[in-house]
Amino acid sequence: MLSRLLAAPRCLPRVAGAARWKSAGSLGTAPASQPWSDVELPGLRPPPPPMVQDEEVYSYLTPGIRKTKVEDLANQWDNLGFQIRPLNGYVKYTWQNGRWDMGSFVPAPYILLHINSGALHYGVSVFEGLKAFACKDGMVRLMNPALNANRMQQGAEKLRMPEVPTEMFVEGVTEAVKRNVEFVPPYGHKASMYIRPLLFASGHMLGLSPLAEEYSFFVTVLPAGGYFGKTGGEEGVDALVMEQHDRAAPQGTGAVKAAGNYAADLDPVHHAKGQGYGTTLYLDARERRFIEEFSVCNFVGITHDNKYVTPTAGSILASTTNRMLQQLAKDEGLTVEQRAIDFDAEIENFREVGMVGTAAVVVKVKTITRRDRVYKKDSFDTLSRLRSKFTAIQCGELPDVHEWMMDVCPAVTKS
C-alpha cells in the first residue's frame, strides 16, 4: 500500500509550449541543460494517475499528524515563528538516465529514499532559501528567484551533481507556492512564505566513485515569521566569536549552500546559546583574523564615515539578500566595499553591525564578544532604513525599480 501511494504523485500540469527538462552530458559533470519537446522521451514514463484522494494519501503516510488548515492560522499570522507546519505537499523532480523528468506534486511530507543514498552517507546535498509575499495589490510574488537558481547551480557543480536549469527551478518554486497558496501570509503582516528548494543525491553510493545514478530536486514551503522572532531585528542579538571552531575550510565548500556547512555550526551555536548568545561569528580558518560569517547570515558593517562593508572570501556564502541590500545602499549614495575585514583592527570602526540573509532579512547585532572583550553596537539607523526599503519592495509598497519581484498568482487568503 505504501509503495502504491508514493508511486502516484500528482503530475505537474502541462503548459503549452513549456520546456521539458533534459540534461546533456555524462553523470556527475554538472552538465548544461536544454529544453525538450512535449514528445515523451524513450524510457521515461509519466507518473501514473492518482489512485486515491490527497487526504487519503496524507492520512496514510502521516498517521497521527494533522495537516495544517488555513483557519488554524487565522489569528497567528503575526506569531508564526520559524517552524515546520504540514501543508498540502511538495514539488519533486527526479534526474535519471541523463535527464530530468517533468516533475510532480506529492501530497505528503515524506519520501522513499535508498538507505545508501549519497545524500545520507556523503552529504551530497545543497539547498536554497527564498520567499514569496502577498503584496499590497493582491498579487503573490517571488523575490529574484534567478539568483537562487544560479547559486544552486554553483553548488551542484561543486558537489558533482546535475544542474537544475533556471527555468525548471523557477517552475518548481512557483508550482510549490501555487499549490500551497492559501498559506501565504496575508498582506499587512510581518510574515511571508519561506521556500526551501533542495537538490541531493537520492541514488545509492558506496564510496566517492562512481557517482549516484539518481538525483532529486524538491521544493517545500512554509508560512514563516522572523528567524529571530518578532522583535529580533530591531532589539538585536548578541554574538560570540568562535575561537575553537571553523565554519568552512579555506578551499572547501563554504562558498556554496551545502548542507554540511550547517552541520559544522550545530555544536558551536548550541554552546553559544547555552551561554546566552543569539548567534556565532566565525573568523577565517587560517589566522583567526579576518571576519567571515555569522552562523546563518552574512556580516555587514556600517562605518563611522557611512560605508557599507561586507567581507569577501572563497569560503563565504554569497547572500542574495546582501547583494540586493548593496544595491539599495548604492542607491542612497553609500560607498559599498567588499573586502577582507581584520577583526581586531576594524571592529571598532563600525557604528552598526548587522546579520543579513533570506530568513533573517536584516538583524541588528548589539554586542560582539571575543574572549574577555565586549564590543557594543548601539546604532542601527542605516541598516534599519535599508531593511525598511527592502521589505517595502517585497510587499509592493515601493516601486520595484530593479525588477526583482516576479508574479506568481493572486493571493487567496485575507487578513
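We did not get these values from a lab; they are worked out from the coordinates using the rules stated. Since the structure is predicted, the reported quantities are computational estimates derived from the model, not experimental observations. When we count neighbours, we look across all protein chains shown, and the Cβ atoms used for this are built from the backbone with ideal geometry, even at glycine.
Observations on the structure shown:
- For G203, neighbours were defined as the other residues whose beta-carbon sits under 9 Å from its Cβ, and their charges (Lys and Arg +1, Asp and Glu -1) total -2.
- Segment 237-379 - Kirkwood radius from inverse mean 1/r over Cα pairs (Å): 15.1 Å
- Likely footprinting exposure, S415, S125, S192, fewest C-beta neighbours within 10 Å first: S415, S125, S192
- Taking other Cβ atoms within 10 Å as a rough exposure proxy, V365, V241 sort from fewest to most as V241, V365.
- Straight-distance crosslink candidates among aspartates and glutamates, where the alpha carbon sits under 20 Å from K67 and sequence neighbours closer than 8 are dropped: D54, E55, E56, E175, E182
- Rough spin-label spacing in nm, given labels placed 7 Å along Cα→Cβ, for L266 and D331: 4.0 nm
- The local environment of L222, defined by Cβ-Cβ distances under 12 Å, has a net charge of +3 under the rule Lys, Arg +1 and Asp, Glu -1.
- Orientation-averaged projection of segment 70-224 equals 9.4 nm² [convex hull of Cα atoms, one quarter of hull surface area].
- Amide H contacts of G396 (H built 1.01 Å from N, under 5 Å, at least 5 apart or other chain): K136
- Modelled FRET efficiency - R0 41 Å, K158 with R385, Cβ distances, 0.05 increments: 0.70
- Distance from segment 349-415 to segment 267-307 (C-alpha centre basis), Å: 17 Å
- Across segment 349-414, the fraction of Cα-Cα pairs farther apart than 13 Å, rounded to a whole number, is 72%.
- Residue order, fewest to most surrounding Cβ atoms within 10 angstrom, among S117, S209, S319: S209, S117, S319
- Net charge of Cβ neighbours under 15 Å - reference F290; Lys, Arg +1; Asp, Glu -1: -4
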